[in-house]
Amino acid sequence: MMFKTSIALAAIAAASQVADAHFTFFRIAHNGQWEAPFRYMRNKTSPYEERFSLPGHGFTTRDYNYATVYPDYPESVRCGRDNIKHALDTEVLDVQAGDALEFAHTRDEPSEWTDATFNCSSGYGACYEGQVGMDYNHWGPLIVHLSKVPEGQDIHTYDGSGEWIKIYTLGLVWRPDGASPVDWVLYNGGRIPGSRYSFRIPRQTPGGQYLIRVAFVDTGLKGSPYLTQYAHLYPSCFQLSVQNDGTAGALPKGVKIPEVMSPDSPGMQMSQGMHDSRKVDEGYVYPGGDLWDGEKLVVDKPDLTPVPCEVESGC
Ligand SMILES: [Cu+2]
């Protein structure tokens, strides 16, 4: 009996370590100021019974930080598990077109959070206790989309089934003389902390209510018959009200989520060689559709200008 109990406890401990292997975006910085954790963000329900289950993987019940995959409920792929239930209670952040934003992620489950998680002297939005920040421990790009709330609807009930426009990608740097030529910027060579970044809402963004979706895409493996064929997605959505002081343009045609996140959509899978960071696949573009630069849509592909390996890049 005693023996069996220890096995069960060990299994539970192992399971919670698995959950910690993943992460969630949960905090936004507006013009360099971090907002309180979850403020303006549609939270997620955990644990949650997803639609998709792969036999043998025990992947149906998801914990807070666990990945979302394409066959899950469309709402989960858009903005995180059960997000609509949390939308009504979520505040709306006022921003100006042209303002700067950043997001923070956490690898810890909510039960593990302490004040130290959010009190990072370094300017990071979240950190491990006694560390500068947190690592990302995943290879792949970060992508950010905007979805304007359709006419006649309200942001507190909008489900994200309209069009999405990609406004930011943080992808890879090409370092052909390094041990890992594909250098994913956020991954930062596996070091703590992962990279920081900041981007602007295009100045041409028309005023109105928007969902802003940040997602990390842990890209799927081409040709795999298993769970690894699906990119592991880490999406979170924040509720925005955008003001525009007169520089508004017209929004371009957007994409649909989850459709643009299907395994055969551009950028959602990579070869074993790219997965191993040895090469960039021929014709590779970042996932999530074309990128809006405020004036036009551009094909969102990596800049393959070779960048020398420096010691601090760890390559
Ligand atoms: Cu993960």
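Taken together, the values in this text are just the output of simple stated rules run on the coordinates, not laboratory data. This one's a predicted model, so the numbers in the text were calculated from it and none came from an experiment. Glycine gets a Cβ as well: all are built from the backbone with ideal geometry, and neighbour counts include every protein chain shown.
Brief remarks follow.
- Relative contact order (percent, whole number), the stretch 143-216, Cα cutoff 8 Å, 6+ residue spacing: 42
- Cut-off 17 Å (backbone N to label point 7 Å along Cα→Cβ of T61), residues of the stretch 231-248: none
- Annotation: the residues I201, I28, sorted from fewest to most other C-beta atoms within 10 Å of their own C-beta, follow the order I201, I28.
- Whole-number D in µm² s⁻¹ for the stretch 183-294, Kirkwood Cα-pair radius fed into Stokes-Einstein, 20 °C, 1.002 mPa s: 131
- Percent breakdown of C-alpha pair distances by 10 Å bin, ordered from the shortest bin, for the chain: 6, 26, 35, 25, 7, 1, 0, 0
- When only Cα pairs below 8 angstrom with a gap of at least 6 residues are kept, the chain shows a relative contact order of 20 percent.
- Label-point gap, in nm, between Q153 and R200 - each point 7 angstrom along Cα→Cβ: 2.9
- Using the Cβ-Cβ distance between L304 and L54 with R0 set to 35 Å, the FRET efficiency from 1/(1 + (r/R0)^6) comes to roughly 0.50.
- Cβ-based net charge around S53, under 13 Å, with every Lys or Arg adding one and every Asp or Glu removing one: -1
- Under 18 Å from the Cα of K166 - lysines, other chains or at least 8 residues apart: K148, K253, K256, K296, K301
- Inter-part distance where the stretch 130-172 and the stretch 72-116 are each reduced to a Cα centre, Å: 9
- Furthest towards positive pole of dipole, Y128, G190, A215, structure part the stretch 126-245, Cβ charges: G190
- Take each peptide in 295-304, 99-108, 258-267, count the other Cβ atoms within 10 Å of every residue, and average; sorted highest first, the result is 99-108, 258-267, 295-304.
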